[in-house]
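Just so it is clear, none of the values below were taken in a lab; they were calculated from the coordinates. On a predicted model such as this, the values are computed, not experimentally measured, just so you know. Backbone-built Cβ (ideal geometry, glycine too); neighbour counts: all protein chains shown.
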Amino acid sequence: MHPLLLDLTGRRVLVVGGGPVAARRCARLVEDGADVLVVAPALCEDLAALAARGGVRWERRDYATGDLADAWLVHTATGVRAIDDQVAADAENARVWCVRADDHAASSAWTPAVARSGDVTVAVNAGGDPRRAAALRSAIALLLDTGGLPLRHHRAPATGSVTLVGGGPGDPGLITTKGRRALAEADVVVVDRLGPRELLAELPDDVEVVEAGKAPHAHTLTQTQINAVLVDRARAGLRVVRLKGGDPYVLGRGGEEVAACVAAGVPVTVVPGVTSAVAVPGAAGIPVTHRGLSRQVTILSAHDTDPDWSALAQLGGTLVLLMGVARIGAYADALVAHGTDPGTPVAVVENGTLPSQRTTVGTLATIADLARERAVANPAVIVVGDVAALADSL
């Protein structure tokens, strides 16, 4: 047996038979760009729908030897042994590779179970046992999708690229499978302080890790410098991952980084992440919306030192403050001064989704003192609204 991949783009492939097996084969052939001719007296529902969409050309009749003309490959799946034997014999005489659905041993070619993820294709043949091959294929596909296999390119691409990956609120298990795959393919990772840093230990030693963490009054790199690193590494032909905490577009300055790449002509994509504004309260038993308590959510960055407190106090619903522990007393006083009930529940969730997670619950009138007594510190998410009281029950 000699494994081989075929480029069927624009090439004629004959499929004999109109049942479910033929339908599955046709669907994959169409994906591969083949010019598919189906010969069968009747079609099953799936294959009929594919033909109706123009994906394949159907001739409503029985197979004839001349059908092999101009064919590069033939699949026979009629379920009738005599017909499949005839197709295989004609293919052998015409020197056309034939895949038989009914008899692996009598085929001159075989269709493996295929796992595809991005630009990676893995074909699995398990000695003629299709269920075994399918099980292996599924296991490999999962590892490909989750970055569990070595996916880095070792031949430099024509152009580099940047992928912004939302790493989630802290727990490395909350990054998406697409984000894990992007990390597995990265040549350079530009990482935030609050990104899921445990994942860095899984990177090969030759992957460059650039620290871009930001803490109050202590920036490793400015935003302008971060943008420059992304562009410069991509222009050098490298695959760059910008690993961020939460979601790149929820107070993560992801839009600025995308804009910098676009302006520089660098290909850029965004992999959304689980935002801490919703996930961290959720991990503490606080739904940011809850029937009868809150129908809306407002998210505020602690960097906004002078928001419209009058408008915020009138909004109702849930107010989520990100990284605002240092000003929690000022925030509480401002809301109360603009009409919010001092008894409004407040919860502060530190290190959300991590083993060190801790929740402090109070009210606008008491939360500043409680936070000071418990030495509450960032990273933390502050939740203001009736839902905050649910932390004790949910």
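Estimated at 0.36 nm per residue, the fully extended path between A139 and S310 surpasses their Cα-Cα distance by 56.0 nm. Neighbours of S138 by Cβ distance under 13 Å: Lys/Arg scored +1, Asp/Glu scored -1, total +3. By other beta-carbon atoms within 10 Å, ranking E202, E350, E373 with the fewest at the front produces E373, E202, E350.
Which FRET efficiency, nearest 0.05, do E256 and D129 yield, Cβ-Cβ r, R0 45 Å? E between E256 and D129, to the nearest 0.05, is 0.25. DSSP assigns beta bridges within the chain; of those with both partners inside it, close to 35 percent run antiparallel.
Exposure proxy ranking for T366, T318, based on other Cβ atoms within 10 angstrom of each Cβ and starting from the fewest, stands as T366, T318. For a label point 7 Å from the Cα of T159 along Cα→C-beta, name the residues of region 257-272 whose backbone N is under 12 Å from it. Flagged as within label range: 262-269. Within the shell defined by Cβ-Cβ distances under 15 Å, the residues around R374 carry a net charge of -1, with Lys and Arg each +1 and Asp and Glu each -1. The slack in the chain from V80 to S301, taken as 0.36 nm per residue of separation less the alpha-carbon distance, amounts to 72.7 nm. Inter-label distance, A105 to A264: 6.1 nm, where each label sits 7 Å from its Cα along the C-beta direction.
Rounded to 0.05, the FRET efficiency of the E211 and L293 pair, given R0 = 41 Å and the Cβ-Cβ distance, is 0.50. In a DSSP loop and with at most 15 other Cβ atoms within 10 Å, the trypsin sites (Lys or Arg not before Pro) in region 24-102 are R53, R61, R95. Placing unit charges on each Cβ (+1 for Lys and Arg, -1 for Asp and Glu) gives the chain a dipole about its Cα centre, and among L5, T318, L143 the Cα reaching farthest toward its positive end belongs to L5. Ranking of M323, M1 by neighbouring Cβ atoms within 10 Å, starting from the fewest: M1, M323.
P172 sits among other residues whose Cβ lies under 11 Å from its own Cβ, and their net charge, with Lys and Arg +1 and Asp and Glu -1, is -1. Once the chain from L203 to A365 is taken as fully extended at 0.36 nm per residue, the excess over their C-alpha distance is 53.6 nm. If R0 is 22 Å, the Cβ-Cβ spacing of D7 and E92 corresponds to a FRET efficiency of close to 0.45. Across region 277-392, the mean sequence separation of Cα contacts (distance under 8 Å, 6 or more residues apart), normalised by length, yields a relative contact order of 34 percent. If you run the Gaussian network model on the chain, springs between alpha carbon atoms under 10 Å, then out of A106, A334, A186 the most flexible one is A106. Our helix-only sum for the chain, with -39,500 (n - 2.57) per DSSP H run of n ≥ 4 divided by its residues, gives a mean residue ellipticity at 222 nm of -8500 deg cm²/dmol.
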